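Student: First the structure, which I've put down as structure tokens, then a few questions once you've had a look.
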Amino acid sequence: MTSDRRPQPVALIGALDSKHEEYAFLRQRLAEHGVDTVLIDVGVLDEPGIRPDIERSAVAAAGGADIAELAARGDRNAAMVAMAAGAGRIVAERYRQQLISGVLVAGGSNAGYVMSQLVDALPIGCPKLLVSTIVAGDTRPYVQGSDLLMLYPVVDLAGLNSVSVPILTRAADALAGIVTA
């Protein structure tokens with residue numbers, strides 16, 4: 001049985017200062033499947049390369065921090081702790097309000113850390129997909145007791161190329177299939 005009902009948007013959560021090309025691509029590919037997105041910026045150091053729906057200042061505030069202070073400190077790890085906590089709170093609340101239907105995070109080790117916080121914030125059954133080189137190693141900190149889906153991108157996600165494009169395409173296709181099924 002299929003439904004004509006359009007799914008709630010998917011949250012795309014990432015550092016839009018360094019991964020903006022990848023997230024623009026994911027957003028476009030999901031749109032081709034009729035899936036809207038909410039783009040959430042967890043970047044700290046440089047300006048975002050694309051306009052988010054939820055700005056980094058709001059994410060930092062939700063994590064109990066000030067974005068200007070995080071950037072001034074230049075401590076990427078401390079910044080990710082605050083940004084991941086804020087993203088977790090924002091996404092959990094949006095999921096509770098039925099404003100999103102799933103989440104996708106793509107990137108490196110920071111993306112893995114952000115997803116580990118989202119896994120704690122979201123219930124089993126909420127589609128969660130991580131695309132990261134980190135999944136080639138010990139995934140216990142990210143998976144925990146959850147239903148997290150993981151996709152190994154084969155290469156570092158550092159722009160669009162002949163390897164990353166098919167991987168990101170399949171990630172978006174998979175999540176679109178899950179939320180529209």
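Read the figures in this text as sums done on the coordinates, not as results from a lab. Keep in mind it's a predicted model, so treat the numbers as computed, not measured. Quick reminder, even Gly has a Cβ in these numbers, built from the backbone with ideal geometry, and neighbours come from all protein chains shown.
Student: Mind listing the long-range amide H neighbours of Gly102? Cut-off is under 5 Å, sequence gap 5 or more, other chains count too, H placed in the peptide plane at 1.01 Å from N.
Tutor: Ala11
Student: With a 10 Å radius around each residue's Cβ, average the other Cβ atoms per peptide and rank 164-176, 10-22, highest first. Please report the intermediate quantities before stating the final value.
Tutor: Values: 164-176: 18.8, 10-22: 25.2.
Packing proxy ranking, top to bottom: 10-22, 164-176.
Student: Classify region 10-66: rounded, prolate or oblate, from the alpha-carbon gyration tensor (a ≥ b ≥ c, eigenvalue square roots; a/c under 1.5 rounded; otherwise prolate if a/b is larger than b/c)? Kindly include the intermediate steps, with their values, before the conclusion.
Tutor: Working: a/c = 3.30, a/b = 1.69, b/c = 1.95.
Judged from the Cα gyration tensor, region 10-66 comes out oblate (a/c at least 1.5, b/c at or above a/b).
Student: Roughly how large, in nm² to one decimal, is the mean projection of the convex hull of the alpha-carbon atoms in region 117-181? The partial results should precede the final answer.
Tutor: Numbers: hull surface 18.9 nm².
The number I arrive at for region 117-181 is 4.7 nm².
Student: Could I ask something else about it? Based on the Cβ-Cβ distance from Asp147 to Ala24, what FRET efficiency comes out when R0 is 25 Å, to the nearest 0.05? Can you show the working numbers first?
Tutor: Values: r = 27 Å, r/R0 = 1.10.
Once the sixth-power term is evaluated, E becomes 0.35.
Student: Further question on the same structure: How many nm is it between the label spots at Glu69 and Arg6, if each spot is 7 Å from the Cα in line with the beta carbon?
Tutor: Between Glu69 and Arg6, the simple spin-label model gives 4.0 nm.
Student: Between Asp156 and Ala61, what is the label-point separation in nm under the 7 Å Cα-to-beta-carbon projection?
Tutor: With each label placed 7 Å out from Cα toward Cβ, I get 3.4 nm.
Student: Taking the Cα centre of the chain as origin, work out the dipole magnitude from +1 charges on Lys and Arg Cβ and -1 charges on Asp and Glu Cβ, in debye rounded to 20.
Tutor: 400 debye
Student: Which residue, chosen from Ala84, Gly145, Ser164, occupies the Cα position most advanced towards the positive end of the dipole of the chain, where the dipole is computed from +1 (Lys, Arg) and -1 (Asp, Glu) charges on Cβ about the Cα centre?
Tutor: Result: Gly145.
Student: Name the helices (complete DSSP H segments) of the chain with a Cα length along the long axis of 20 Å or more and a Kyte-Doolittle mean of at least 0.0, or state none. Intermediate results must be reported in sequence, preceding the final value.
Tutor: On the way: long enough: 76-96 (29 Å, 0.10); 164-180 (24 Å, 1.18).
In the chain, the long hydrophobic H runs are 76-96, 164-180.
Student: What 222 nm value per residue comes from the helices of the chain, counting each DSSP H run with n ≥ 4 as -39,500 (n - 2.57) and dividing by all residues, nearest 500 deg cm²/dmol? Each step should come with its number before you reach the end.
Tutor: Values: 7 runs with 82 residues, N = 181.
Calculated from helices alone, the mean residue ellipticity at 222 nm is -14000 deg cm²/dmol.
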